[in-house]
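The values are calculated or read from the model by the stated rules, or taken from the named source; none is laboratory data. Given the structure is predicted, the values throughout are model-derived calculations rather than measurements. For neighbour counting, all protein chains shown are included, and Cβ atoms are generated from backbone atoms with ideal geometry for every residue, glycine included.
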Amino acid sequence: MNSYIRTKKYDVDFLKQNMMGPNSMIVLEELTRDNPLKQGMRILDLGCGKGLTSIFLAKEYNLQVFAVDLWVPATENLNRFKQMNVNNLIIPLHADALNLPFAEGYFDAVISVDSYHYFGNNDSYFDKKLRPLLKKDAWVAIAFPGMQYEVHDSIPEEMKSFWDEESLSKWHSIEWWKPKFENSLCKFTIKEMECFDKAWNDWLSTNNPYAVEDRGMINTDNGRYMNFISVTGNAI
Ligand SMILES: C[S@@+](CC[C@H](N)C(=O)[O-])C[C@H]1O[C@@H](n2cnc3c(N)ncnc32)[C@H](O)[C@@H]1O
């Protein structure tokens with residue numbers, strides 16, 4: 001049983017104010033549980049949102065992190081990194097994952113929590129856009145919401161009012177995602193994450209209007225359809 005000891009050190013109100021979905025810090029704590037992160041590595045935090053995962057990497061592992069996001073301005077993230085005293089380690093950047101401004105072979109690792117499904121939900125993203133920026137053997141750790149199976153052709157009646165077409169186009173099963181990575185990563189794993197209930201409950205307990213909206217969906221789903229999926233491996 002994972003008690004998320006590292007995340008517990010952080011102020012709960014700070015986390016709640018900066019969550020943009022299921023608690024990304026505990027998702028990252030589970031992702032990095034048996035990780036190969038070492039001081040001196042250069043990490044890409046792709047789709048970092050308000051930077052909770054970048055803060056975790058800097059504070060817990062003392063790593064240099066490039067915190068890239070599209071919706072959250074870099075200056076807003078810089079202020080948060082200053083508030084947390086990690087602005088010397090984290091470089092905030094406003095950029096689109098489809099057009100990243102980095103040299104080839106630049107990163108020792110990429111992590112991406114609750115954002116990859118927005119831009120990487122196709123057959124070419126990893127190989128064409130992301131892999132070129134990674135060193136050979138770079139560690140890849142990605143987590144995103146998905147489905148326990150492909151529900152798309154027969155959507156359960158009780159979920160129809162909660163799932164819109166756009167979300168469904170991004171939420172898929174492990175079987176759907178597997179071919180997007182399996183030939184590009186060695187030591188490849190793809191699995192359902194343990195933190196589903198806790199990550200969602202932490203998010204649903206915030207007053208964020210999107211969280212309030214999500215409460216009905218998660219309660220009605222009741223563990224039947226939705227999933228949180230992790231992908232790890234080393235770039236070939
Ligand atoms: C649900 S939020 C999650 C943010 C953060 N990772 C977290 O878990 O708190 C999804 C994030 O994906 C980012 N995103 C979506 N499309 C993107 C793109 N094309 N390039 C970069 N980031 C993107 C958004 O800017 C947003 O911050």
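The condition of being crowded, with 24+ Cβ neighbours inside 10 Å, more than 7 Å from the ligand (Cβ to nearest atom) and at pLDDT 95 or above holds for only one of Leu52, Leu44, that being Leu44. Evaluating Lys128 against the criteria (1) free of Cβ contacts under 8 Å to residues at least 24 places away in the same chain; (2) within 30 Å of Leu168 (Cα to Cα); (3) part of a loop (DSSP other than H, G, I, E, B) leaves one unmet condition, (3). Would you mind stating whether Ala103 is modelled with pLDDT of 95 or more and more than 20 Å from the chain's Cα centre (by Cα)? Criteria met by Ala103. Filtered by the rule that a residue be surrounded by 18 or more Cβ atoms within 10 Å (Cβ to Cβ) and either within 8 Å of the ligand (Cβ to nearest atom) or part of a loop (DSSP other than H, G, I, E, B) (or both), the range 101-117 gives Ser112, Val113, Asp114, Ser115.
Taking the condition of being part of a loop (DSSP other than H, G, I, E, B) and without any contact (Cβ under 8 Å) to a residue 40 or more places away in the chain, how many residues in the range 85-99 meet it?
Count: 9.
One residue stands out in the range 17-35 among those that are part of a loop (DSSP other than H, G, I, E, B) and more than 14 Å from Ala199 (Cα to Cα): the one that is farthest from the ligand (Cβ to nearest atom), namely Asp34.
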